[in-house]
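Below is one structure, written out as structure tokens, with a few remarks after it.
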Amino acid sequence: MASMRDIKRRKSSIQSTGQITKAMKLVSTVKLQRSKQAAINSKDYFNYMYRTVQSMLAKAGSINHSFVKGNDSSKKAVIMITGNRGLAGGYNSNIVKTVTRSGMSKDDMIIYSVGKKGREAMHRHGYELAADYSTMIDAPQYDDAMRLSAVLLNAFRNGEIGEIYLAYTGFKNTVVHEPKLIKLLPVELSEDAETNEQSKVPMNFEQEEEEALELIIPKYVTSLIYGGMIESVASENGARMQAMDNATSNAEEMIDKLTLQYNRARQGSITQELTEIIAGSQAIS
């Protein structure tokens, strides 16, 4: 059985840890309130942008452009959005699992990491890292997404990569966050878009189709990258708040158990001292 000193020392350590996790929970709660509203505001735009481009291309019919048809490169670029810090439960590891278990070949995959945790994990798994944009996730800006989008689209036009994917954590509510992997380019037409839109009026472009796509697709890719970052930040703060709340609750339970152990040990020590005093008194008499 542990001594009273050991129990007291461990209890003090857990109390300090509990204070830290409680403070981190409060900080995450405040950050969540800010990022949550931003995620809610951008979510509809994110979803409508994705569906609108699919719908538009379904109406347009066959378009001979690499953004739709693709190119000859087998390389797949994955924009992987994680956090720069840990202590967020399974938030970072879930994105890593989503990418590594996607079925895509490791040799064909190129990672563009937005977040240190994703970069470190993919480096350990032996994936090729093309660039690190970890600073973007601290305070996501549309200009940052535009800069990353320009790099990827240039690589796509030059035939360095043949497909572009986005791995992020979708924000549903405070406690539900869903890791997702979606394909940005070449634009894939869903069965619903192809079926529902074929009967409607075809899409006619005021200018050449290629020129129109060169204007539309960069905005489409930029908007989805930015939306992914916004939702990921809200999801990370929600996951960290939950993790710190659970850690604080566990610390409180451990403190209660240690308090009970300490009281029992103290009671046993007092009982032993009384027994020794009584035995000594009886021996003298």
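The values are calculated or read from the model by the stated rules, or taken from the named source; none is laboratory data. All values reported here derive from a predicted model rather than from experimental measurement. When we count neighbours, we look across all protein chains shown, and the Cβ atoms used for this are built from the backbone with ideal geometry, even at glycine.
All of 63, 111 fail the test of being buried (at least 19 other Cβ atoms within 10 Å of the Cβ) and assigned by TED's automatic domain parsing to the domain that holds residue 181, apart from 111.
From the list 98, 52, 82, the lone residue that is in contact with a strand residue (DSSP E or B) (Cβ under 6 Å, 6 or more places away or on another chain) and either touching a residue at least 40 places away in the same chain (Cβ under 8 Å) or surrounded by fewer than 17 Cβ atoms within 10 Å (Cβ to Cβ) (or both) is 98. Screening residue 57 against (1) more than 30 Å from residue 261 (Cβ to Cβ); (2) of a type in the set (A, V, I, L, M); (3) not in a helix (DSSP H, G or I) leaves a single unmet condition, (3). When residue 10 is tested against the conditions (1) touching a helix residue (DSSP H, G or I) at 6+ places or on another chain (Cβ under 8 Å); (2) under 30 Å from residue 186 (Cα atoms), the lone failure is (2). In the set (1) touching a Gly at 6+ places or on another chain (Cβ under 6 Å); (2) at pLDDT 90 or above; (3) part of a loop (DSSP other than H, G, I, E, B), residue 80 fails one condition alone, (3).
Kindly indicate whether any position in segment 156-173 is of a type outside the set (A, V, I, L, M), under 25 Å from residue 72 (Cβ atoms) and without any contact (Cβ under 8 Å) to a residue 60 or more places away in the chain. Checking segment 156-173: at least one residue is of a type outside the set (A, V, I, L, M), under 25 Å from residue 72 (Cβ atoms) and without any contact (Cβ under 8 Å) to a residue 60 or more places away in the chain. Here are some residues: 53, 96. Which one is β-branched (Val, Ile, Thr), over 19 Å from residue 134 (Cα atoms) and touching a helix residue (DSSP H, G or I) at 6+ places or on another chain (Cβ under 6 Å)? When all the criteria are applied, what remains is 53. Checked against the criterion of being touching a Leu at 6+ places or on another chain (Cβ under 9 Å) and either surrounded by 13 or more Cβ atoms within 10 Å (Cβ to Cβ) or not β-branched (Val, Ile, Thr) (or both), the candidates 265, 243, 251, 239 yield just one match: 243.
Spot the failing condition for residue 223; the list is (1) within 26 Å of residue 156 (Cβ to Cβ); (2) touching a residue at least 24 places away in the same chain (Cβ under 8 Å); (3) surrounded by fewer than 13 Cβ atoms within 10 Å (Cβ to Cβ); (4) not acidic (Asp, Glu), and only one is missed. Only one criterion in (1) within 26 Å of residue 156 (Cβ to Cβ); (2) touching a residue at least 24 places away in the same chain (Cβ under 8 Å); (3) surrounded by fewer than 13 Cβ atoms within 10 Å (Cβ to Cβ); (4) not acidic (Asp, Glu) is unmet by residue 223, namely (3).
Residue count for segment 121-135, restricted to those that are within 14 Å of the chain's Cα centre (by Cα) and surrounded by fewer than 21 Cβ atoms within 10 Å (Cβ to Cβ): 1. When residue 113 is tested against (1) touching a residue at least 40 places away in the same chain (Cβ under 8 Å); (2) not in a helix (DSSP H, G or I), exactly one condition is not met: (1). Put simply, of 251, 243 the only residue that is assigned to a helix (DSSP H, G or I) and either among the aromatic types (Phe, Trp, Tyr) or closer than 15 Å to residue 29 by Cβ (or both) is 243.
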